[in-house]
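Comments concern the structure below.
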Amino acid sequence: MTQLLVTNDDGIDAPGLLALSSALLPLGAVQVAAPAHNQSASGHKKTLFNDLHVQPRTLPNGVDGIAVGGSPADGIALAAMGLRRWPPDLVVSGINRGENMSQDITYSGTVTAALEAVINGVPAVAISLANREADTVADYAEAARVAAIVVRYALAQRLPPLTILNLNIPAGTVQGLRLTRQGVRIYRDALQQQPDGSYRIVGEPPTGNLEETGTDLWAVNNGYASLTPIHLDMTAHHFMADLAAWDIRL
Ligand SMILES: [Mn+2]
């Protein structure tokens, strides 16, 4: 039987996780390993110098889960080291509250959980909904429908090593699917000093270059689900020749 491991970064109680795990039940046996608390924007964090608390949790849909007191990647790492059935056929991460496109993926716990899966040899799909207000299971229904379709293809086909699929779904009606590349984000962070003198990063949600055709930002901005293949080899291959021309000598 097909084995699916579902995770997220919004935490084990998030409605997007519940909607996703329910939508995947017809495709196979589903287990969950998710952070106990919201770990959004935690990046690819590995907890090495603190203990990780793990609690068994059954989701409202009956899915067997564990809540991990660490990052999303920690949850996948623990799963791979024996706390869940391993290897599953696919790790599915999401559905995140808010999109994860362009440079977002380096911050995203949703995406880095998927990257942790491929580091451990299991293909993965990261799924995000471009709606930061989505807070009920019903808000994720359309995204979960689209997610299950893409997961079905990912199970039937084969992803190359160290490659994940990053799926972003627009709010509202989905016009179709576009295969995309990463676009360019524009972040609008601002610094806010707190009464005690400490600082907090605040500001408006990021925008980006929405005009450049073929990017993830462009697709979602035009009502399409965006599917981007992401490779963990971050070498700037297109820059190697120019770098060689620097002729660095020691
Ligand atoms: Mn999140």
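The values are calculated or read from the model by the stated rules, or taken from the named source; none is laboratory data. In this text, all values refer to a predicted model and were calculated from it rather than measured experimentally. Cβ placement follows ideal geometry from the backbone for every residue including glycine, while neighbour counts extend to all protein chains displayed.
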Self-check item: Every pair of residues 6+ apart whose Cβ atoms lie under 9 Å, when the first sits in region 36-47 and is of a type in the set (D, E, K, R) and within 11 Å of the ligand (Cβ to nearest atom) while the second is part of a loop (DSSP other than H, G, I, E, B) and at pLDDT below 95
Solution: none
Quiz item: Does at least one position in region 166-175 carry a residue that is at pLDDT 95 or above, within 23 Å of Ser71 (Cα to Cα) and out of contact with any Leu (no Cβ under 7 Å at 6 or more places or on another chain)?
Solution: yes
Quiz item: Out of the residues in region 5-17 that are buried (at least 24 other Cβ atoms within 10 Å of the Cβ) and of a type in the set (A, V, I, L, M, F, W, C), which is nearest to the ligand (Cβ to nearest atom)?
Solution: Ala14
Quiz item: Out of curiosity, is Ala41 in contact with a Phe, Trp or Tyr (Cβ under 6 Å, 6 or more places away or on another chain) and in a loop (DSSP other than H, G, I, E, B)?
Solution: yes
Quiz item: Can you spot a residue in region 233-243 that is part of a helix (DSSP H, G or I), closer than 19 Å to Val111 by Cβ and touching a residue at least 60 places away in the same chain (Cβ under 8 Å)?
Solution: no
Quiz item: Which one of Thr106, Thr163, Thr110 is of a type outside the set (D, E, K, R) and either away from the ligand (no atom under 16 Å from the Cβ) or at pLDDT below 95 (or both)?
Solution: Thr163
Self-check item: Total residues in region 183-225, condition hydrophobic (A, V, I, L, M, F, W, C) and more than 23 Å from Leu167 (Cα to Cα)
Solution: 4
